[in-house]
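A.B. asks: Can you keep this structure in mind? I'll have questions shortly.
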Amino acid sequence: MSQPLPLVLPWNEFYWKSGADGRLRIQECSSCSGLIHPPKPICPSCGDRDLRVREVSGRGILFGFTVNHHFPFPGVTNPFAIAQVALDEDPRVKLTTRLVDVDLDDLRLGMRMEVVFEQVEDVWLPLFRPTAEQPAEPAALPEDEEPVERIRTFVRPMLGSRKFEDDAVLSGIGASKIARRQMVDPLSLTIDACQAAVADAGLTMADIDGLSTYPGGGMESGFSEGGVTALEAALRIRPNWYNGGGETFGPGGSVIAAMLAVSAGLARHVLCFRTLWQSSQETLMKQGYLKPGRGRIGGDMGWGMPFGALSAAHLLGQTANRYMHKYGATRETLGWIALNQRANAALNPTAVYRDPMTMDDYLGARMVTTPFGLYDNDVPIDGSIAVIVSAADAVGDLAKPPVRVEAVGTQLIERMEWDQSTSTHEPQVFGPAQHMWTRTDLRQDDVDLALLYDGFSFNCLSWLEGLGFCGVGEAKDFLDGGKNIARDGVLPLNTNGGQLSHGRTHGMGLVYEAVSQLRREAGERQVADARVAVVSSGGLTPSGVLLLRTDS
């Protein structure tokens with residue numbers, strides 16, 4: 001593995017090369033004097049475009065950290081700390097970094113930090129270390145620009161009384177085999193799932209006039225079979241409408257796009273699909289069939305990967321640590337979520353991990369990056385899930401009772417950059433959650449079960465609070481040792497085993513499970529009298545949520 005390095009361009013090289021003289025430089029707005037990071041061509045705070053570069057002290061406080069135990073990083077021995085430092089000059093700016101010259105056991109949020117630079121090729125990486133003198137008590141952490149309690153005030157009301165959700169139904173679901181390292185063409189998994197969904201709806205491929213997927217595109221990451229292009233080349237559906245792309249909240253976004261197409265009259269039956277083959281992709285990487293990319297890293301990941309933040313776990317782990325620091329939750333709080341998912345997976349024959357798990361098993365598993373251990377992370381799999389969105393007036397032609405979409409939540413409110421956004425909860429949860437409740441008269445007490453995104457256990461906790469099933473910071477009490485989220489509890493959670501035990505489907509498996517439960521087709525894991533289900537998808541950013549219901 002070669003050292004990941006950022007894509008250095010004329011408009012950001014002041015940051016990556018400023019360390020040549022030992023000085024840290026950050027973009028600044030000439031009008032409001034606010035610091036801006038990552039750099040932008042406009043000030044997000046005041047809208048001014050008169051920007052300059054400012055030399056800063058290179059000092060700040062430790063705003064977040066996670067101790068990496070699992071992911072290898074060139075030239076660095078595990079364990080090591082990936083962190084965020086809030087700058088003295090403007091604590092709204094947090095720099096993702098790697099800590100050096102530090103005893104990991106001594107790390108405390110709020111510690112004083114100072115910059116040191118490491119040169120790698122033509123880049124000077126700003127690393128941080130504790131200052132020689134530390135105050136008796138660590139500093140309080142700066143609050144978010146918009147605390148989660150205020151996010152609801154930014155939700156826009158409905159534009160009218162008509163809801164596009166009423167024009168579409170979920171009419172069919174299908175899945176391929178879900179397993180580790182199947183070592184088959186991922187397109188074959190997609191075809192299996194799509195054919196099963198079409199048959200489940202009582203349709204034929206000739207009825208399908210729309211295709212929608214996430215993320216589509218290339219196959220190198222194991223996140224796609226090639227998208228609409230690959231599937232259409234194999235099936236020759238000739239759709240009236242199609243959709244694909246990564247800038248939506250995973251499969252839930254592709255389903256909502258399909259609903260909009262149906263509502264607009266562009267299509268009548270849209271086949272939505274999501275395929276992953278990460279388990280086989282990792283094996284093919286080791287065998288030399290696939291080669292890692294060797295180019296410089298752009299986009300949001302380019303501000304973190306050069307310091308070792310190779311995974312979403314490294315950023316969300318810091319958020320989870322801050323949550324625990326602020327609200328008093330513990331690893332056992334996350335453990336109840338992981339144990340619940342495993343107990344449900346034991347009743348799901350398609351789940352990858354079905355063996356019983358105890359809290360001792362959870363706590364004793366190897367650490368990945370604090371506070372996440374092995375069982376806090378979703379399971380890479382090979383598999384495909386398909387869902388058909390049909391016009392509501394097609395209900396009489398369908399093989400099974402439809403599942404209706406009562407409301408969707410899609411509004412973006414919080415900052416988009418992972419390391420600059422909401423600091424104590426998964427970013428992009430509270431906005432979509434509050435948006436959804438403005439589009440329905442149903443409330444939390446009406447929900448019979450929840451299928452909440454759990455790429456990491458902490459994602460799930462954030463959704464529980466964001467959707468208002470408990471107060472902010474109150475999840476540890478709401479869980480009640482796992483009783484309230486069990487299948488016979490107040491809010492049955494991730495009854496298929498979730499992504500932690502069923503397998504990583506980026507949320508499409510949760511949609512599948514919601515439809516199965518609302519149709520009363522979930523077998524041993526069926527929740528009695530399930531009529532309303534909430535389903536979220538997307539991790540960190542972007543995210544979104546759907547409220548589903550059945551007529552019966």
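A.B. asks: Please find, within region 526-543, the residue that is farthest from the chain's Cα centre (by Cα) out of those that are surrounded by 24 or more Cβ atoms within 10 Å (Cβ to Cβ) and modelled with pLDDT of 95 or more.
C.D. replies: Looking at residues that are surrounded by 24 or more Cβ atoms within 10 Å (Cβ to Cβ) and modelled with pLDDT of 95 or more, I get 533.
A.B. asks: Would you confirm whether or not region 324-336 contains a residue that is in the same structural domain as residue 509 (by TED's automatic domain parsing), more than 30 Å from residue 220 (Cβ to Cβ), of a type outside the set (Lys, Arg) and touching a residue at least 60 places away in the same chain (Cβ under 8 Å)?
C.D. replies: Within region 324-336, none of the residues are in the same structural domain as residue 509 (by TED's automatic domain parsing), more than 30 Å from residue 220 (Cβ to Cβ), of a type outside the set (Lys, Arg) and touching a residue at least 60 places away in the same chain (Cβ under 8 Å).
A.B. asks: Looking only at region 394-405, decide whether some residue is of a type in the set (D, E, K, R), over 18 Å from residue 151 (Cα atoms) and in a loop (DSSP other than H, G, I, E, B).
C.D. replies: yes
A.B. asks: Return the only residue of 435, 425 being crowded, with 19+ Cβ neighbours inside 10 Å, of a type outside the set (S, T, N, Q) and part of a helix (DSSP H, G or I).
C.D. replies: 435
A.B. asks: Looking at (1) part of a helix (DSSP H, G or I); (2) in contact (Cβ under 8 Å) with a residue 40 or more places away in the chain; (3) among the aliphatic types (A, V, I, L, M), which is the one condition that is false for residue 351?
C.D. replies: With (1) part of a helix (DSSP H, G or I); (2) in contact (Cβ under 8 Å) with a residue 40 or more places away in the chain; (3) among the aliphatic types (A, V, I, L, M) applied to residue 351, the lone miss is (1).
A.B. asks: Taking only region 106-118 into account, find how many residues are among the acidic types (Asp, Glu) and not in a helix (DSSP H, G or I).
C.D. replies: Going through region 106-118 one residue at a time, the tally reaches 2.
A.B. asks: Pick from region 90-101 the residues that are under 15 Å from residue 66 (Cα atoms) and surrounded by 19 or more Cβ atoms within 10 Å (Cβ to Cβ): which of them is nearest to the chain's Cα centre (by Cα)?
C.D. replies: Restricting to residues being under 15 Å from residue 66 (Cα atoms) and surrounded by 19 or more Cβ atoms within 10 Å (Cβ to Cβ), the top hit is 96.
A.B. asks: Could I ask something else about it? Among the strands (runs of 3 or more DSSP E) confined wholly to region 1-105, which include 1 or more residues that are touching a Lys or Arg at 6+ places or on another chain (Cβ under 8 Å) and in the same structural domain as residue 121 (by TED's automatic domain parsing)?
C.D. replies: Result: 24-29, 51-56, 59-68, 80-87.
A.B. asks: Which residue is farthest from residue 400 (Cα to Cα), if the candidates are limited to region 181-202 and must be surrounded by 18 or more Cβ atoms within 10 Å (Cβ to Cβ) and touching an Asp or Glu at 6+ places or on another chain (Cβ under 8 Å)?
C.D. replies: Residue satisfying both the conditions and the ranking: 182.
A.B. asks: So, of the residues in region 263-315 that are touching a strand residue (DSSP E or B) at 6+ places or on another chain (Cβ under 8 Å) and of a type in the set (Val, Ile, Thr), which turns out to be surrounded by the most Cβ atoms within 10 Å (Cβ to Cβ)?
C.D. replies: 275
A.B. asks: Against the condition surrounded by fewer than 19 Cβ atoms within 10 Å (Cβ to Cβ) and touching a residue at least 12 places away in the same chain (Cβ under 8 Å), how does residue 113 come out, does it pass?
C.D. replies: Considered against the rule, which asks whether it is surrounded by fewer than 19 Cβ atoms within 10 Å (Cβ to Cβ) and touching a residue at least 12 places away in the same chain (Cβ under 8 Å), residue 113 comes out as no.
A.B. asks: Identify, by number, the condition in (1) in contact with a Pro (Cβ under 7 Å, 6 or more places away or on another chain); (2) surrounded by 13 or more Cβ atoms within 10 Å (Cβ to Cβ) that residue 49 doesn't meet.
C.D. replies: All conditions pass for residue 49, except number (2).
A.B. asks: Which is at pLDDT 95 or above and either closer than 20 Å to residue 253 by Cα or crowded, with 18+ Cβ neighbours inside 10 Å (or both), of 382, 419?
C.D. replies: Answer to the selection: 382.
A.B. asks: Can you go through 127, 170, 159 and tell me which one is more than 16 Å from residue 437 (Cα to Cα) and not assigned by TED's automatic domain parsing to the domain that holds residue 387?
C.D. replies: Residue meeting the stated conditions: 127.
A.B. asks: Of the residues 147, 157, which is surrounded by fewer than 16 Cβ atoms within 10 Å (Cβ to Cβ) and in contact (Cβ under 8 Å) with a residue 40 or more places away in the chain?
C.D. replies: 157
The values are calculated or read from the model by the stated rules, or taken from the named source; none is laboratory data. Note that this is a predicted model, so its numbers are computed, not measured. Every residue, glycine as well, gets a Cβ built from its backbone with ideal geometry; the counts of neighbours run over all protein chains shown.
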